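Take a look at the structure below.
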């Protein structure tokens with residue numbers, strides 16, 4: 001330790017007033033934390049207002065020993081610990097260690113930073129076996145309320161605020177966090193590197209690929225092409241071929257962000273079962289007329305969403321239908337496509353078990369959104385207060401899901 005003798009004497013002289021375990025407090029003002037109960041110690045990290053700490057001891061010199069969010073011990077002036085946050089708190093502005101609301105690159109209304117590496121693993125540090133709970137992508141914003149100065153220490157980047165949620169808290173190393181990377185500058189840096197610098201070119205190519213899915217799709221097709229060409233350059237021909245679909249996807253969905261109409265403006269979604277199309281506004285009677293075996297579950301699902309009481313569930317082999325007697329509402333929450341047994345029609349385009357992913361995107365790509373890196377081959381289409389998801393596997397439609405927005 002840097003101050004072993006001085007710290008020992010200090011702790012002997014400054015007898016602590018109380019010691020409480022699991023005594024969690026908010027940090028009401030931005031403050032540095034130290035390796036001893038004095039500003040003469042070494043600053044080891046900084047809190048933004050709203051962070052959480054567990055007080056271990058309170059000393060009679062106005063300082064407290066705490067556990068910071070990652071479990072490290074530190075010291076902070078006791079006046080910065082409070083049971084709640086209040087608009088009348090006397091506090092200092094958060095420092096520029098964080099990206100703050102109002103800054104050009106800010107994406108949150110609270111202090112945050114960005115992931116600056118590709119496919120960063122976040123662990124649930126306080127959960128059993130410390131599992132990897134999420135993969136974060138380059139330039140993904142993450143909330144940060146405590147930042148250690150040591151680049152190898154862990155930072156909480158997700159999973160809630162309160163100490164009671166500790167098992168859900170997610171952590172990664174400080175060195176993977178920073179200000180948002182500039183796409184054009186990163187591409188330029190990649191292009192100026194000699195091909196002999198294989199490690200750094202690979203690192204930058206991976207970052208550029210992930211950035212391309214987060215930024216403006218109409219501009220960042222070049223990022224996908226750069227990453228694809230990098231695979232060809234390094235002899236990864238299999239991945240090079242697979243990435244052709246990524247290029248196609250970006251081209252097919254470029255209009256989605258500018259699309260003001262929805263897929264349901266001209267006509268509602270239609271359902272065809274065993275070759276017979278249901279009425280546009282079908283009822284429970286139409287479901288009872290379907291010539292397929294089913295199970296009827298009364299009050300089986302309770303209140304699945306938005307307070308809609310499902311009084312009956314009709315469970316067929318490959319799809320289910322919910323009926324609400326109180327709302328006079330009947331709808332398909334889920335369909336597992338099985339050949340041509342059931343089909344849906346959206347904006348005049350028919351989708352069944354034989355529909356290919358490419359054909360779907362060519363026809364309806366301008367209406368879809370997606371999270372390609374974390375949920376590939378799942379496409380969302382939003383309506384007015386509702387939404388649906390279509391999942392493809394091995395190039396064919398396999399699953400339809402529908403829900404209401406509350």
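Would you mind listing the strands (runs of 3 or more DSSP E) fully within the range 315-388 where at least 2 residues are touching a strand residue (DSSP E or B) at 6+ places or on another chain (Cβ under 7 Å) and closer than 14 Å to residue 271 by Cα?
Ranges flagged: 319-324, 329-336, 342-346, 349-351.
Residue-wise test of (1) surrounded by 19 or more Cβ atoms within 10 Å (Cβ to Cβ); (2) in the same structural domain as residue 377 (by TED's automatic domain parsing); (3) in a helix (DSSP H, G or I).
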| site | (1), (2), (3) |
| --- | --- |
| 200 | no, no, yes |
| 204 | yes, no, yes |
| 208 | yes, no, yes |
| 224 | yes, no, yes |
| 229 | no, no, yes |
| 235 | no, no, no |
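Looking at the range 242-280 only, could you name the residues that are at pLDDT 90 or above and farther than 19 Å from residue 390 by Cα?
Scanning the range 242-280 gives 242, 243, 244, 247, 274, 275, 276, 277, 278, 279, 280.
Looking at the range 80-93, can you tell me whether even one residue there is within 27 Å of the chain's Cα centre (by Cα), at pLDDT 95 or above and assigned to a strand (DSSP E or B)? Lay out the reasoning, then the answer.
Of the range 80-93, the ones within 27 Å of the chain's Cα centre (by Cα) are 85.
From the residues that got through so far, the ones that are at pLDDT 95 or above too are none.
Looking for residues that are within 27 Å of the chain's Cα centre (by Cα), at pLDDT 95 or above and assigned to a strand (DSSP E or B), one finds none in the range 80-93, hence no.
Would you mind listing the strands (runs of 3 or more DSSP E) fully within the range 139-192 where at least 1 residues are under 16 Å from residue 53 (Cβ atoms) and touching a residue at least 60 places away in the same chain (Cβ under 8 Å)? Lay out the reasoning, then the answer.
Details: elements: 141-143, 146-148, 154-158, 170-173.
Counting at least 1 such residues, we get 146-148, 154-158, 170-173.
Could you check the range 284-293 and list, in sequence order, the residues that are touching a strand residue (DSSP E or B) at 6+ places or on another chain (Cβ under 6 Å) and farther than 16 Å from residue 339 by Cβ? First the steps, then the outcome.
Let us first name the residues in the range 284-293 that are touching a strand residue (DSSP E or B) at 6+ places or on another chain (Cβ under 6 Å), namely 284, 287, 290, 292.
Those that are touching a strand residue (DSSP E or B) at 6+ places or on another chain (Cβ under 6 Å) and farther than 16 Å from residue 339 by Cβ: 284, 287, 290.
On the basis of being out of contact with any helix residue (DSSP H, G or I) (no Cβ under 9 Å at 6 or more places or on another chain), in the same structural domain as residue 290 (by TED's automatic domain parsing) and assigned to a strand (DSSP E or B), does residue 397 make the cut?
no
Among the residues of the range 40-53, what is the count of those that are surrounded by fewer than 20 Cβ atoms within 10 Å (Cβ to Cβ) and either at pLDDT below 95 or in a loop (DSSP other than H, G, I, E, B) (or both)?
3
The values are calculated or read from the model by the stated rules, or taken from the named source; none is laboratory data. Nothing here was measured: the structure is a model prediction, and the numbers come from that model. Quick reminder, even Gly has a Cβ in these numbers, built from the backbone with ideal geometry, and neighbours come from all protein chains shown.
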